[in-house]
Structure formats: structure tokens, C-alpha cells
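Undergrad: To start, I am sharing the structure in question, which I have written as C-alpha cells.
The values are calculated or read from the model by the stated rules, or taken from the named source; none is laboratory data. Predicted model only: the values in this text are computed from it and were never measured. Cβ placement follows ideal geometry from the backbone for every residue including glycine, while neighbour counts extend to all protein chains displayed. Each accessible area value is taken on the protein alone, full model and side chains, heavy atoms only, with ligands, DNA and RNA left out. Shrake-Rupley method; radii C 1.70, N 1.55, O 1.52, S 1.80 Å.
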Amino acid sequence: MLRHTITIKDIARELNISVSTVSRALRDAYDVSLETKQLVLEKARELNYKPNYNARGLSQGKTNNIGVIIPFITNYYFSTVITGIQKIAYDYNYNIVLYLTNDSEEREYQILNNLILSGLDGILISTCASNYDPIHKIMDKGVPVVFFDRTNSLDASKVKQDDYNGAFEATSHLISQGFSKIAHITGPKDQMFTQNRLNGYLNALEHHNLPVKKKWIIHNGFSQECGAKDLQKLMAKSKKPDAIFAVNDRKAIGAMVELKKQNIQIGKGFGVVGFTNDPICTLITPTLTTVSESAFEIGSMACELLLKHIQKENLAPKEVILPGKLIIRESTMRSFPKI
């Protein structure tokens with residue numbers, strides 16, 4: 001036997017009042033008496049009534065669903081971002097529909113081109129694409145879009161990390177520790193946050209009167225394996241660096257694994273800085289110096305901003321930039337205590 005779902009019709013029948021009165025009472029409308037509202041709420045609790053937000057949304061031209069498009073969910077950063085998004089979405093009775101691109105431009109295009117926009121009130125996206133036409137078409141249809149973490153030049157709201165200053169501070173820290181031949185292993189050139197972190201690195205070298213060596217700047221993917229491969233390329237060169245600033249912690253850890261294989265002492269002999277502050281930074285040996293990212297806050301603030309766009313049409317785009325914090329650990333210390 002199918003279980004009957006309690007609706008406002010059941011509440012109305014039990015109280016012998018109209019469905020419209022129940023609906024207005026549940027919405028706390030001004031034209032319903034306090035006594036009636038109390039009766040309706042008590043009966044709703046008694047019958048274990050659960051509002052059908054999808055049905056309510058459809059009647060108002062809404063679905064209470066938001067799409068979230070991200071490159072990964074298996075790493076610490078994006079899983080924490082999702083937690084922040086989910087917290088705000090659920091607080092406002094919204095559901096999230098998750099789409100994974102696996103850091104593939106082609107996959108992102110497929111997702112964007114196949115989205116059933118009638119089922120979404122808005123979209124949160126951390127893009128990996130260099131061609132913005134698919135998302136631009138969605139925005140032109142009036143669907144609110146907010147970018148987070150990986151953003152672009154489109155005229156839309158964005159929530160992101162202060163990538164430039166974080167990179168500048170990370171590189172300057174290496175220099176303060178006595179490292180002068182600093183390489184940068186980074187991501188694809190067409191990613192805006194990659195460019196910003198690269199610019200922070202370059203300007204730090206310039207600020208401290210150190211030369212820029214293009215051969216020490218390697219663009220590749222974001223994985224630990226890519227970090228190991230980048231380090232191999234650097235150490236195969238005739239002029240080798242004595243430190244690296246990595247675009248993220250995964251690449252930094254990949255480089256550290258490779259440095260250990262080559263019997264190069266990390267910290268005292270070779271400095272390494274990452275970016276994210278993944279919990280694994282404190283579990284590896286030596287511990288990894290990094291720039292922390294406010295992942296939960298980026299997710300929650302991006303969701304709050306999207307909901308504002310959903311609730312108010314023609315809201316002006318807003319850009320939110322959250323500061324990072326350099327966390328100094330053993331991988332950049334010339335000497336550190338042995339446990």
C-alpha cells in the first residue's frame with residue numbers, strides 16, 4: 001500500500017476550513033487571525049505535514065533547485081566548498097543539484113549545453129573552461145549565475161580567494177628564508193586564478209630584485225602526479241631551482257614525494273610552498289607551508305549571493321575577494337626540530 005503524503009488539503013479537511021486559509025496561515029499572512037494560525041500549525045505538526053517546496057515553487061515559477069558545477073568533489077577544498085553551499089541552501093529550503101566536470105572543458109560544455117534550465121533557479125559554477133559561450137547563453141536567458149573560486153571576465157557575481165596576494169606572500173616568504181632560485185609549478189594558462197597566482201609570484205621576484213627564469217615556470221594539470229612530473233622536469237635542467245611555489249597543495253605534495261626520491265632534503269636544502277591548506281599538509285613529513293583558503297566561506301557566500309540574485313532580478317553583479325593566510329611549516333624552514 002502506498003503511503004499517503006499529507007497535504008494542506010488534509011489539514012483543511014481536519015479543521016473544516018478552506019485550503020486557501022491553510023495556505024495563508026502557513027505563510028503567516030496578515031489576513032489570518034493568530035488563533036487560526038495556531039490551529040493550523042498545531043494540526044500540521046500533529047499530521048507530520050512537510051511542505052512541498054517544489055510544488056510551491058512551480059506555482060510561483062520557481063523550483064527551489066540550484067545547480068552546482070565543480071571540477072572535483074574528491075579533494076578537500078571542493079568538498080568543503082560544497083559543505084558551505086549546502087549549509088546555506090538547506091537553510092533557505094533549496095536543494096542542490098551537483099554536476100562534476102572532472103576538470104574537462106569538453107565535459108563542462110556538455111553539462112552546460114544539456115542543462116534543463118526550467119528545473120533550476122540559478123547556477124553556481126567553478127569553471128575550468130576557456131570558452132565562455134555556453135555559460136553566457138545561460139546568463140542571457142535570465143538564469144542567475146555566480147562564479148566561485150575559478151572565475152572569469154564575464155559580467156557576473158564572483159566569490160574567490162585573493163590569489164595574487166597569497167602568491168606574493170608565499171614567494172616572498174621563500175625569499176626571506178634564503179631561497180633565491182624559486183620555480184613555480186602551476187596550472188593551465190587560461191585559468192584566471194592560475195594567472196593571478198603567477199602574477200603574484202612574478203611580482204614578488206621583481207620586488208626582491210630576483211631574476212625571472214621562464215624555464216622555471218611550468219604549466220600543467222593540478223594533480224599530485226602533475227606536481228611530481230613538474231619537479232622531474234625542473235631537476236633535469238642544467239640550472240636547477242632551490243625552491244618551488246606550487247599552485248596548490250596537491251602539486252606541492254607531488255613535488256615533495258619526488259624530491260624525497262631524489263634524496264633532496266626538503267626545508268633545509270629545498271623550499272616548498274603550496275596553496276589551499278589541505279589537512280594532509282600537517283600529516284606529511286616535513287609538514288607543508290601553504291596559503292590557506294576559506295573554502296567553507298567561499299561556498300556559503302557564493303550561495304548567499306546567488307539566492308539574492310534569484311530573489312531580486314537585475315541585481316548588480318558583485319565581486320567578493322577573501323584574504324588568505326600564510327601558514328609556515330617545516331617545508332620552508334632551513335632547520336626544524338626532529339621528532
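Undergrad: How do 138-147, 234-243 rank on mean C-beta neighbours within 10 Å, highest first? It would help to have the intermediate numbers written out before the result.
TA: On the way: 138-147: 17.4, 234-243: 14.6.
So the order, starting with the most tightly packed, is 138-147, 234-243.
Undergrad: Same structure again: Only helices at least 15 Å long along their axis, Cα-based, and averaging 0.0 or more on Kyte-Doolittle count here, so list those DSSP H runs from the chain.
TA: On the way: long enough: 34-46 (18 Å, -0.74); 76-91 (23 Å, 0.31); 163-176 (20 Å, -0.21); 192-207 (22 Å, -0.61); 224-235 (17 Å, -0.70); 249-261 (18 Å, -0.43); 295-311 (24 Å, 0.73).
In the chain, the long hydrophobic H runs are 76-91, 295-311.
Undergrad: Once you keep just the Cα pairs under 8 angstrom separated by 6 or more residues, what percentage relative contact order results for the range 102-230? Numbers along the way, then the final one.
TA: Values: 158 pairs, mean separation 25.9, N = 129.
Across the range 102-230, relative contact order equals 20 percent.
Undergrad: How long are the semi-axes of the ellipsoid equivalent to the range 167-212, from square roots of 5 times the Cα gyration tensor eigenvalues, in whole Å, largest first? Don't jump to the answer; show the numbers that get you there.
TA: Details: eigenvalues 75, 17, 16 Å².
Equivalent ellipsoid of the range 167-212: 19, 9, 9 Å, largest first.
Undergrad: Let me ask you something else. Please report the relative contact order for the chain, taking Cα pairs under 8 Å with a sequence separation of at least 6, and give it as a percent rounded to a whole number. Working shown, then result.
TA: On the way: 616 pairs, mean separation 57.3, N = 339.
Computed value for the chain: 17 percent relative contact order.
Undergrad: Can you bin the range 260-339 into rounded, prolate or oblate? Criterion: square roots of the alpha carbon gyration tensor eigenvalues sorted a ≥ b ≥ c, rounded for a/c under 1.5, prolate for a/b above b/c, oblate for the rest.
TA: Values: a/c = 4.25, a/b = 3.79, b/c = 1.12.
Prolate is the answer for the range 260-339, as a/c is 1.5 or above and a/b outweighs b/c.
Undergrad: Still on this structure, I have one more. Percent relative contact order of the range 206-339, based on C-alpha pairs within less than 8 angstrom and at least six residues apart?
TA: Working: 180 pairs, mean separation 29.5, N = 134.
Value for the range 206-339: 22 percent.
Undergrad: Just the number please: accessible area per residue for the chain, 1.4 Å probe, all protein chains included, in Å². Can you show the working numbers first?
TA: Numbers: 17190 Å² over 339 residues.
Result: 51 Å² of accessible area for each residue.
Undergrad: Another one. Stretch LEU154-ILE328 to full length: gain in nm at 0.36 nm per residue minus the Cα-Cα span?
TA: Extending this stretch completely gives an extra 59.1 nm.
Undergrad: What is the ratio of the Cα radius of gyration of the range 179-337 to 2.2 N^0.38 Å, with N the residue count, to two decimals?
TA: Numbers: Rg = 17.5 Å, N = 159, 2.2 N^0.38 = 15.1 Å.
Normalised Rg, Cα atoms only: 1.16.
Undergrad: Let me have the 222 nm mean residue ellipticity of the chain computed from DSSP H runs of 4+ only, each contributing -39500 (n - 2.57), with the sum over all residues rounded to the nearest 500. Write down the numbers at each step before the final one.
TA: Values: 12 runs with 142 residues, N = 339.
Using -39500 (n - 2.57) per qualifying helix, the result is -13000 deg cm²/dmol.
Undergrad: Within the accessible area of the range 149-216, what % is carbon and sulfur when the probe is 1.4 Å and the other protein chains stay in place? Write down the numbers at each step before the final one.
TA: Numbers: 1310 of 2800 Å².
Whole-percent figure for carbon plus sulfur exposure: 47.
Undergrad: Over every pair of different alpha-carbon atoms in the chain, take the mean of 1/r and invert it; report that Kirkwood radius in Å.
TA: Kirkwood hydrodynamic radius for the chain: 22.6 Å.
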